[in-house]
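Notes to accompany the following structure.
The values are calculated or read from the model by the stated rules, or taken from the named source; none is laboratory data. Just so we're clear, the structure is a prediction, and the values are computed from it rather than from any experiment. All Cβ positions, even for glycine, are placed from backbone atoms using ideal geometry, and neighbour counts span all protein chains on display. Accessible surface areas use protein heavy atoms only, side chains included; no ligands, DNA or RNA. Shrake-Rupley method; radii C 1.70, N 1.55, O 1.52, S 1.80 Å.
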Amino acid sequence: MDIFNFIKIDENSRVPKYRQIVDSIIYNISSGNLKMDDKIPSINRFSEEYLLSRDTVEKAYSILRERKVIISIKGKGYYIARTKLISKVNILFLINKLSSYKMRIYNSFIERIGGTAHTNLFIYHCEEELFLNLLEKNRNAYDYYVIMPHFKTDKLKHASQTMEAIKAIDQIPKEKLIIMDNLLSGIQGEHIEIYQDFENDIYNALKEGLGKISKYEKLIITYPEESVYPYPKRILHGFRKFCGEHNIDFEVLNEIYDDMILKKGDLFITISESDLVSLVNQIRNQEFDLGNEIGVISYNDTPLKQLLGITCISTDFKAMGETAARMIMDKKKGKVKNPFHFIDRNSI
């Protein structure tokens, strides 16, 4: 087989030549034109055939080696690698932060999709530039792209999307795109979305727990205005909507302070894990009766909160991962609202 019958370089394209080489080789592997252990031309031979600089071909081969699409054997040349990347459904899983509940989504996804796929997990820490670099580096290398879109501004505030992120995501073929956790606007075409409705989720969950909430005199939420991993502002909108409609006295705090003034009849909603720990410690140190004199609700459930008896309002992280995996396997498209619950325990 002459590989040059399949590799196409478009001189008039605005796509860089090294990128065309990468995309063309990956395409020909997925199409069956190139198979495991097939030898591909040397860098010098490739550059001579297409009148390209050696640096251009070397850059393309370097990217392919990094992705384990090809391997180099000293003294023999370059070969198509025998890797999971080619032999299984290949999935890129992009999450914005490494947290216990994000990992519950990922783990349930992996358990549900089973051995039919090879999934690479990357964390972009809400950084737009890192997110864009990861997408560009892995463009056309995967069968599916699972993305949890949460970004931060220069002032460490939450942004559901950015113009550049939307442009990059919109370039992914829609049959390969899975958006999770956060709805995006501006993405054209039919794809998979499993999302939280942050404003209405907290509003409806608090309504569900209204019977117990109403015994408290004041409802206090800690919402970090600035954070390395910021939270959607829509959470705050839903909280205010609930308090306003039910004529509940409320306060919004940036954090739980070390010397909080606690009063009987206070009910706290904490979003960050550190605020929850600090608050519970202060309630105990000041000898208040947790769940009677002072109440605590935590946002996002974890196994530890279940063990400690902390009441939570939370999306079903396990269901989110399972739904994404099932829709991929069933080749379904569409938007699915993920379940969100008021989980009544001993802290309220």
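Given Cα pairs under 8 Å that are at least 6 residues apart, what percent is the relative contact order of the chain?
Normalised by residue count, the contact order of the chain is 15 percent.
So who's got an amide H within less than 5 Å of the one on S347, skipping anything under 5 residues away but keeping other chains? H placed 1.01 Å off N, in plane.
When sequence neighbours closer than 5 places are left aside, the close amide H contacts are T311.
For the chain, which whole percent of the accessible surface, found with a 1.4 angstrom probe, sits on carbon and sulfur atoms?
Working: 8180 of 16950 Å².
The nonpolar share, carbon plus sulfur, comes to 48 percent.
What Kirkwood radius, in Å to one decimal, follows from the Cα pairs of the range 1-153? All intermediate terms of the calculation are to be shown ahead of the outcome.
Numbers: mean 1/r = 0.0586 Å⁻¹.
Mean inverse Cα-Cα distance, inverted, gives 17.1 Å.
What net charge do the residues around K233 carry, taking every other residue with its C-beta under 15 Å from that of K233, with Lys and Arg at +1 and Asp and Glu at -1?
+1
When only DSSP loop residues count, what trypsin sites (Lys or Arg not before Pro) in the range 236-294 have their Cβ near at most 15 other Cβ atoms within 10 Å?
K263, K264
What nm distance separates the two modelled labels at N200 and H237, each placed 7 Å from Cα along Cα→Cβ?
In this crude label model, N200 to H237 measures out at 1.2 nm.
Quote the accessible area belonging to L307 in square angstrom, nearest 10, computed with a 1.4 Å probe and with ligands, DNA and RNA left uncounted.
Accessible area, nearest 10 Å²: 140 Å².
Normalised radius of gyration for the range 17-82, please: alpha carbon Rg relative to 2.2 N^0.38 Å, two decimal places.
The range 17-82 yields a ratio of 1.01.
Can you tell me the equivalent ellipsoid semi-axes for the range 232-348? Use √(5λ) from the Cα gyration tensor, largest first, whole Å.
After diagonalising the Cα gyration tensor, the semi-axes are 32, 17, 12 Å.
For the chain, with a Gaussian network of springs between Cα atoms less than 10 Å apart, report the residue from N12, N96, N338 with the top mean-square fluctuation.
N12
With a Cα-only, solvent-free Debye model of the chain, what are the log10 I(q)/I(0) values at q = 0.08, 0.11 Å⁻¹?
Debye curve over Cα of the chain, log10 I(q)/I(0) at q = 0.08, 0.11 Å⁻¹: -0.50, -0.80.
Highest GNM mean-square fluctuation, the chain, Cα pairs closer than 10 Å: which of C243, C312, C126?
In the Gaussian network model the winner is C243.
Of K8/K76; K207/K333; K305/K332; K157/K207; K233/K331; K212/K305, which pairs sit farther than 29 Å apart, going by alpha carbon to alpha carbon? It would help to have the intermediate numbers written out before the result.
Working: K8/K76 24 Å; K207/K333 31 Å; K305/K332 34 Å; K157/K207 27 Å; K233/K331 33 Å; K212/K305 19 Å.
With Cα atoms farther than 29 Å apart: K207/K333; K305/K332; K233/K331.
I need the phi-derived Karplus couplings for the range 321-338: 6.51 cos²θ - 1.76 cosθ + 1.60, θ = phi - 60°, integer Hz, Gly and Pro marked x.
With the stated coefficients, the range 321-338 comes to x, 5, 5, 4, 5, 5, 5, 5, 5, 8, 6, 9, 10, x, 9, 10, 7, 6 Hz.
Please work out the average accessible area per residue across the chain, using the 1.4 Å probe convention, and give it in Å².
Working: 16950 Å² over 348 residues.
Here the per-residue accessible area is 49 Å².
Say the dipole of the chain comes from +1 at the beta carbon of Lys and Arg and -1 at that of Asp and Glu; which of S42, S24, M329 then lies farthest toward its positive end?
Looking along the dipole axis, the top candidate is S42.
Determine the calculated [θ] at 222 nm for the chain from helices alone, applying -39500 (n - 2.57) to every DSSP H run no shorter than 4 residues and normalising by the residue count; nearest 500 deg cm²/dmol.
Calculated from helices alone, the mean residue ellipticity at 222 nm is -11000 deg cm²/dmol.
With θ set to phi - 60° and the Karplus curve 6.51 cos²θ - 1.76 cosθ + 1.60, what are the ³J(HN,Hα) couplings of the range 108-119 in order, to the nearest whole Hz, using x for Gly and Pro?
My calculation for the range 108-119 gives 5, 5, 5, 4, 6, 7, x, x, 7, 9, 10, 10 Hz in order.
Beyond 26 Å between alpha-carbons counts as too far, so tell me which of K174/K241; K155/K264; K137/K174; K97/K218 fall in that bin.
With Cα atoms farther than 26 Å apart: K174/K241; K155/K264; K97/K218.
Please tell me the relative contact order of the range 1-84 in percent, rounded to the nearest whole number, where contacts are Cα pairs under 8 Å and at least six residues apart.
30 percent
How would R67, R14 rank on accessible area, largest to smallest, probe 1.4 Å? Numbers along the way, then the final one.
On the way: R67 25, R14 215 Å².
These residues rank, largest area first, as R14, R67.
Relative contact order for the range 260-342: what is it in percent, counting Cα pairs under 8 Å that are at least 6 residues apart?
25 percent
Given a 10 angstrom Cα cut-off, can you work out which residue in S13, S272, S53 is the most mobile in a GNM of the chain?
Between S13, S272, S53, it is S13 that shows the largest mean-square fluctuation.
Is the shape of the range 189-264 best called rounded, prolate or oblate, per the rule: a/c under 1.5 gives rounded, else a/b larger than b/c gives prolate, else oblate, with a ≥ b ≥ c the square roots of the Cα gyration tensor eigenvalues?
oblate
Sort 189-201, 316-328, 157-169 by the packing proxy (mean of other Cβ within 10 Å over each peptide's residues), most packed first.
Highest mean packing first, the order is 316-328, 189-201, 157-169.
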